[in-house]
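Written below as structure tokens is the structure these notes are about.
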Amino acid sequence: MKSTGIVRKVDELGRIVLPIELRRTLGIDLRDPLEIYVEGESIVLKKYNPTCIFCGNKENIFIYHEKNVCSGCLEELKNTVK
């Protein structure tokens, strides 16, 4: 991991502010969802970008039983279940 040299305090509600320079660099806009990961004692934030669990497609994503499935794979599934 690369250090940015930026230090922020956690407020009483558990929030931190991501500096605008960092958000611009990483393409994080207002209301963008972020995924939270834990690696050992580190917390990693990643811009959430849902993809299809079968093919990895990022377009036309639907949630089926809490899984991301694209429209193409959904059609294939419909055709194989008949």
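Lys-Lys pairs in the chain that are eight or more residues apart or on separate chains and whose Cα atoms lie under 29 Å of each other come to 14.
What angle do you read, to the nearest 10 degrees and between 0 and 90, between the alpha-carbon axis of helix 71-81 and the longest principal axis of the chain? Roughly 40 degrees between the two axes. Here the contact order of the chain, divided by its residue count and restricted to Cα pairs under 8 Å and six or more residues apart, works out to 14 percent. Counting only protein heavy atoms and a 1.4 Å probe, region 1-77 has 90 square angstrom of accessible area per residue.
With charges set only on the Cβ (+1 for Lys and Arg, -1 for Asp and Glu), what does the dipole of the chain come to about its Cα centre, in debye to the nearest 20?
140
Protein heavy-atom surface of region 37-82, 1.4 angstrom probe: 53% of the accessible area is carbon and sulfur, with nucleic acids and ligands not counted. For Rg and Dmax of the Cα atoms in Å, several values are listed as (i) 26.6, 79; (ii) 17.8, 57; (iii) 11.5, 37; flag the one computed from this structure. Checking each listed value against the structure points to (ii).
The values are calculated or read from the model by the stated rules, or taken from the named source; none is laboratory data. All figures in this text were calculated on a predicted structure; none of them were measured in a lab. Glycine gets a Cβ as well: all are built from the backbone with ideal geometry, and neighbour counts include every protein chain shown. Just the protein is used for accessible areas: all its heavy atoms, side chains included, with ligands, DNA and RNA removed. Shrake-Rupley method; radii C 1.70, N 1.55, O 1.52, S 1.80 Å.
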